[in-house]
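Written out below as structure tokens is the structure these notes cover.
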Amino acid sequence: MLTVIVDYESGNLHSAQKAFERVAREQGAGEVLVTSDPDTVRRADRVVLPGDGAFPACRRELFDHRGLFEAIEEVVVTGARPFLGICIGMQMMATRGLEYSETPGFDWIGGEVVHIDPADGALKVPHMGWNDLVIDRGHPVLDGIATGDHAYFVHSYQFRVADPAHLLAHVDYGGPVTAIVGRGTMVGTQFHPEKSQATGLRLIANFLAWAP
């Protein structure tokens, strides 16, 4: 089995690579490759799309790599192979992002990426640090993960889904903030599983074992 972590020059992939390699090795889940090569992406059995920074810049970087997005879409949408978006990689699944300017997303899961606006003015944005997950609905990637488990966040914008059925988990930060989304063979986490210790490693292990 080949798991591809897509490199489109959006953030440091070292920690994600190491976490996925560790879990894949421990559970015999095959090879993990970091790549920007469309042909390698097409060979993938599952795809991971990380990302740090601003929504428009990440989209521009992804689409500037000739054929890379098309390869991802071929594998994930046409081929229905498992996909995990992390942080901005998760936000890219939305219909559009509203960071700096209105920017189209992949439109894989309906909704938009909007600024976090806590009801408590004492809460600072970006939402940064550990927060407790609230599980909204069950999913294979959440096996063994429960409400109250901690995950690590760094973000100023959140994915507001159009259909509540696509919201798998949220956190409270002066109001609900989306933590995990999912539809079909696609899931996304706003938090960084590679930085979320036991919770994150469990989610990675579940994703590598997931056979939708």
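The values are calculated or read from the model by the stated rules, or taken from the named source; none is laboratory data. Because the structure is a prediction, the values reported are computed rather than measured. Positions of Cβ are backbone-derived with ideal geometry, glycine not excepted, and every protein chain shown enters the neighbour counts. SASA here: full protein model, heavy atoms, side chains in, ligands and nucleic acids out. Shrake-Rupley method; radii C 1.70, N 1.55, O 1.52, S 1.80 Å.
Summary of values
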| read-out | value |
| --- | --- |
| Within the accessible area of the chain (1.4 Å probe), percent carbon and sulfur | 47 percent |
| Fully extended contour minus Cα-Cα distance, from Asp172 to Arg96, at 0.36 nm per residue | 25.0 nm |
| Heavy-atom accessible area order for Arg25, Arg183, largest first, 1.4 Å probe | Arg25, Arg183 |
| Whole-angstrom Cα spans of segment 2-209 along principal axes, big to small | 47, 38, 30 |
| Relative contact order computed over segment 39-112 (Cα-Cα under 8 Å; 6+ residues apart), in percent | 33 percent |
| Probe 1.4 Å, all protein chains present, accessible-area order of Arg59, Arg42, largest first | Arg42, Arg59 |
| Relative contact order of the chain, defined on C-alpha pairs under 8 angstrom at six or more residues apart (%) | 20 percent |
| Per-residue HN-Hα couplings for segment 178-188 [Karplus 6.51, -1.76, 1.60; θ = phi - 60°; Hz; x = Gly/Pro] | 4, 10, 9, 10, x, 7, x, 8, 10, 9, x |
| Segment 5-24 versus segment 108-135: alpha-carbon centroid distance in Å | 24 Å |
| Candidates Gly110, Gly53, Gly89, ranked by Gaussian network fluctuation over the chain, Cα under 10 Å, top entry | Gly53 |
| Gain on full stretching of the segment that runs from Ala209 to Ala165 - 0.36 nm per residue minus C-alpha separation | 13.6 nm |
| Farthest toward positive dipole pole in segment 79-212 [+1 Lys/Arg, -1 Asp/Glu at C-beta], among Pro126, Ala209, Ile88 | Ala209 |
| Label point distance in nm, Asp64-Ser15, each placed 7 Å from Cα along Cα→Cβ | 2.4 nm |
| Positive minus negative residues near Glu112 (Lys, Arg vs Asp, Glu; Cβ under 13 Å) | -2 |
